Amino acid sequence: MGKTLFDKLWEKHVITGKPGEPQLIYIDLHLVHEVTSPQAFEGLRVNNRRVRRPERTFATMDHNVPTKDIFNIQDTISLKQIETLKTNCDEFGIRLAEIGSADQGIVHVIGPQLGLTQPGQTVVCGDSHTATHGAFGSIAFGIGTSEVEHVLATQSIWQLKPKTMGIHLHGKLQAGVSAKDIIMALIATYGVDFGTGYALEFYGDTVDRLSMENRMSICNMAIEGGAKMGMMKPDQTTFEYIKGRKYAPKKMEEAIKYWQQFYTDSPADYDKVLEFDVSNLAPYISWGTNPSMSVPISSKLPDIADMNFQRAYDYMDLKPHMAASAIPIQWIFIGSCTNGRLADLQEAARVLKGHHLAKNVTAWIVPGSRTVKNEAEKLGLDKIFKEAGCEWRDPGCSACLAMNPDKIPAGIHCASTTNRNFEGRQGKDARTHLASPAMVAAAGIHGHFVDIRQKEVI
Amino acid sequence: MEAITVHEGTTIPLMNNNIDTDQIIPKQFLKNILKIGYGKHLFHDWRFLDDGRPDPKFILNHEERQGATILISGENFGCGSSREHAAWALKDWGFKIIIAGSYSDIFFMNCTKNGVLPIILPLEARKKMAAISPKEKITVDLPHQFVECQGEKYHFDIDSTWKQKFINGTDDIDVTLNYSDKITEFENSLPSFS
């Protein structure tokens, strides 16, 4: 019997504890942001404890920051939270990419971008989308604030080893179909809790061909399928991505040699395997109030299966059997830790170039980090967006969770490149439709969803 | 952490599946830097009307349900965001026990840190518990791992380590700091490519 990528990573990090019981796992990288950390630092202070490994900890500000005028935080409680992070990082000696810093951005965008995220690591953050970093061949998962405090104090965490699920992605995606559609289709097919209790590994020829940005979009939404960890084996694409980044290993060749041991010996080693052929996949959009309530763009909305569907239809003000493409769109949002990287903005710009938003459509484009913003401007993407009628903003989580000033108004249908379409997620009574960057951009041009596989639509 | 052994209390059923932490505690209440005071915002968007008055139709607002300590729910309770504020809000409102079909992994861990006991029981059992009168009590016996409702006992499973943690109310960090030497030893064995 061989071992999975996950088994190998796990074994490398067990400090103590027996299999079958919670084990103490070493944490290589701890990412911190302003919302889920203040109570953790306060706990350290009250108990007179220090941060065990400040050099393995990195903080940024993302959830609360305004993206229209990033230096002008009008909400005094948000400001307090931002200032508290600064004070805590100063006091405990933690590196901080604060507002205005060249490295500031969404925590799951900057970790990889700075080369902090590396294969073979364990990565945690007080944020459920930490699974993103698993795309590099690491165990990465979201934790609560008590666990943040525990990791700060001990650089370790107690965890029960999850089971493993291999998701075999095979086939070539059609033009216009993206990584986002793969993960949305998986969740629509298997449900929002198919991954609960499992560490997911995505593998196969489809994954091998994907860029790191696209791999991250898939792992990012593992949590939307119930799995707190989603990962992929590191390969040449991974190594090339890391090379030359700010915190990349200095001894790169040695590091690569070490990283190359992390792969699954045989699919037979997973506790469970899902086969998923992507070659006939259509772009997906969500119609309801959780990510499994999604359909291919070419289809109609489903029957009312139960009370949960009824509630979703009422909230979204949609009717069963209407065509997915008939959903009206008044707002588009492009950004987030799912689709706020340069490749995502390039994809959206490719669609928007030479077009203008439909009448009555508002568009916010929010780069995932300051670096993404600068790179996009170097490529002239900002001009394409502005000429199309979009607002080009500063980096942050923005309207993905709307705990900053960026909120989608009540009743508005918003096509969004984000990860969650829960009730009220993007603003009270706002109606979110998840989709890929290209699909969202095209919806902005037409004022409703279109199938971007059809050439005439763009 | 407050210990739990045997608990007797009244119930509130919210039988929807996939109740996410955005519903349990909406984001506008995550800005506080304390662990307390979230109970008044629990299920805010479901609980209050647009003008801020409590929605009389929502079960948390029913007079006869006040003082309930046991929440009965559907599948995949606490999915979505990792915000521990969800566990803090449930606890602050007064819930000590949740009985659901399943939980998201992160929410489950957050419960273990805050003395909110997440129990898993099949739908059949939960339906019976959801149907009892508001003033009727059910008993949760953690040491013996059963829930008793109307004279019927329903066994539940729980990992033995988490069980002991709930019974003893242990602080994790104290426990882990006893392993400091082992952590140091582990750190010394780590490869370095810097």
Counting only residues in the range A:238-254 that are more than 13 Å from chain B (Cβ to nearest Cβ) and in a helix (DSSP H, G or I), the one farthest from A:THR57 (Cα to Cα) is identified as A:GLU240
For A:PRO302, the lone unmet condition from (1) surrounded by fewer than 18 Cβ atoms within 10 Å (Cβ to Cβ); (2) within 13 Å of chain B (Cβ to nearest Cβ); (3) outside any helix (DSSP H, G or I) is (2)
Within the range B:13-31, restricting to residues that are within 19 Å of A:VAL35 (Cβ to Cβ) and at the interface with chain A (Cβ under 7 Å from one of its Cβ atoms), the one that is surrounded by the fewest Cβ atoms within 10 Å (Cβ to Cβ) is B:GLN28
B:ALA89 passes all but one of the listed conditions (1) more than 20 Å from A:LYS428 (Cα to Cα); (2) away from chain A (no Cβ under 12 Å); (3) assigned to a helix (DSSP H, G or I); the exception is number (1)
The residue from A:ILE25, A:ILE70 that alone is of a type in the set (A, V, I, L, M, F, W, C) and farther than 28 Å from B:MET109 by Cα is A:ILE70
Note to self: Is it the case, given these coordinates, that A:VAL148 is under 30 Å from B:PRO26 (Cβ atoms) and within 10 Å of another protein chain (Cβ to nearest Cβ)?
What the structure shows: yes
Whether any residue in the range A:45-55 is more than 9 Å from every other protein chain (Cβ to nearest Cβ), within 23 Å of the chain's Cα centre (by Cα), of a type outside the set (Lys, Arg) and over 21 Å from B:PRO191 (Cα atoms) is what I want to check. no
Restricted to the range A:377-392 and to residues being closer than 23 Å to A:GLN113 by Cα and surrounded by fewer than 23 Cβ atoms within 10 Å (Cβ to Cβ), the residue nearest to the other protein chains (Cβ to nearest Cβ) is A:TRP392
Note on B:THR161: of the conditions (1) of a type outside the set (A, V, I, L, M); (2) assigned to a helix (DSSP H, G or I); (3) more than 9 Å from chain A (Cβ to nearest Cβ), unmet is (3)
Per the filter on the range A:160-194, residues of a type in the set (Lys, Arg) and either more than 14 Å from chain B (Cβ to nearest Cβ) or part of a helix (DSSP H, G or I) (or both) are A:LYS172, A:LYS180
Restricting the range A:314-331 to residues that are outside any loop (DSSP other than H, G, I, E, B) and more than 14 Å from chain B (Cβ to nearest Cβ), the one surrounded by the fewest Cβ atoms within 10 Å (Cβ to Cβ) turns out to be A:ALA326
Considering the range B:119-137, residues that are within 14 Å of another protein chain (Cβ to nearest Cβ) and closer than 20 Å to A:VAL192 by Cα, and then whichever is surrounded by the fewest Cβ atoms within 10 Å (Cβ to Cβ), we arrive at B:LEU123
Conditions (1) within 12 Å of chain B (Cβ to nearest Cβ); (2) aliphatic (A, V, I, L, M); (3) not in a helix (DSSP H, G or I) -> A:ILE99 fails only (1)
Counting only residues that are of a type in the set (Phe, Trp, Tyr) and farther than 27 Å from A:CYS219 by Cα, the range A:383-437 contains a total of 1
Residue count, the range B:45-78, condition facing chain A (nearest Cβ under 9 Å) and either within 18 Å of B:ALA130 (Cβ to Cβ) or in contact with a Phe, Trp or Tyr (Cβ under 7 Å, 6 or more places away or on another chain) (or both), comes to 4
Among A:ILE452, A:ILE445, the single one that is away from chain B (no Cβ under 11 Å), hydrophobic (A, V, I, L, M, F, W, C) and not in a helix (DSSP H, G or I) is A:ILE452
Would you call A:GLU21 within 13 Å of chain B (Cβ to nearest Cβ) and touching a helix residue (DSSP H, G or I) at 6+ places or on another chain (Cβ under 6 Å)?
yes
Quick count over the range A:293-334, residues being in contact (Cβ under 8 Å) with a residue 24 or more places away in the chain and among the basic types (Lys, Arg), is 1
Within the range B:92-107, the count of residues that are surrounded by fewer than 23 Cβ atoms within 10 Å (Cβ to Cβ) and within 11 Å of chain A (Cβ to nearest Cβ) comes to 2
Picked from the range B:35-64 (must be in a loop (DSSP other than H, G, I, E, B) and out of contact with any helix residue (DSSP H, G or I) (no Cβ under 7 Å at 6 or more places or on another chain)), the residue nearest to A:GLU83 (Cα to Cα) is B:GLY52
Flagged in the range A:59-92 as surrounded by 14 or more Cβ atoms within 10 Å (Cβ to Cβ), assigned to a helix (DSSP H, G or I) and more than 13 Å from every other protein chain (Cβ to nearest Cβ), in numbering order, are A:CYS89, A:PHE92
Here the residues within the range A:345-379 that are of a type in the set (Lys, Arg) and more than 23 Å from A:GLY111 (Cβ to Cβ) are A:ARG350, A:LYS353, A:LYS359
From the option list A:GLU83, A:GLU147, A:GLU91, single residue qualifying as among the charged types (D, E, K, R), in contact with a Gly (Cβ under 8 Å, 6 or more places away or on another chain) and not assigned by TED's automatic domain parsing to the domain that holds A:THR418 is A:GLU147
The residue from B:ILE183, B:ILE167 that alone is surrounded by 12 or more Cβ atoms within 10 Å (Cβ to Cβ), more than 10 Å from chain A (Cβ to nearest Cβ) and part of a helix (DSSP H, G or I) is B:ILE167
Within the range A:125-145, restricting to residues that are of a type in the set (A, V, I, L, M, F, W, C) and more than 7 Å from every other protein chain (Cβ to nearest Cβ), the one that is nearest to the chain's Cα centre (by Cα) is A:ALA131
Conditions (1) among the charged types (D, E, K, R); (2) within 18 Å of A:GLU147 (Cα to Cα); (3) at pLDDT 95 or above -> A:GLU21 fails only (3)
TODO: Determine if the range A:220-227 includes at least one residue that is part of a loop (DSSP other than H, G, I, E, B) and of a type outside the set (Asp, Glu).
DONE: yes
Checked B:VAL147, B:VAL116, B:VAL140 against criteria (closer than 15 Å to B:ILE4 by Cβ, modelled with pLDDT of 95 or more and within 14 Å of chain A (Cβ to nearest Cβ)); the one match is B:VAL116
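The values are calculated or read from the model by the stated rules, or taken from the named source; none is laboratory data. Quick caveat: nothing in here was measured; it's all calculated off a predicted structure. Using ideal geometry, Cβ is built from the backbone for each residue, glycine included, and neighbour counts are taken over all protein chains shown.
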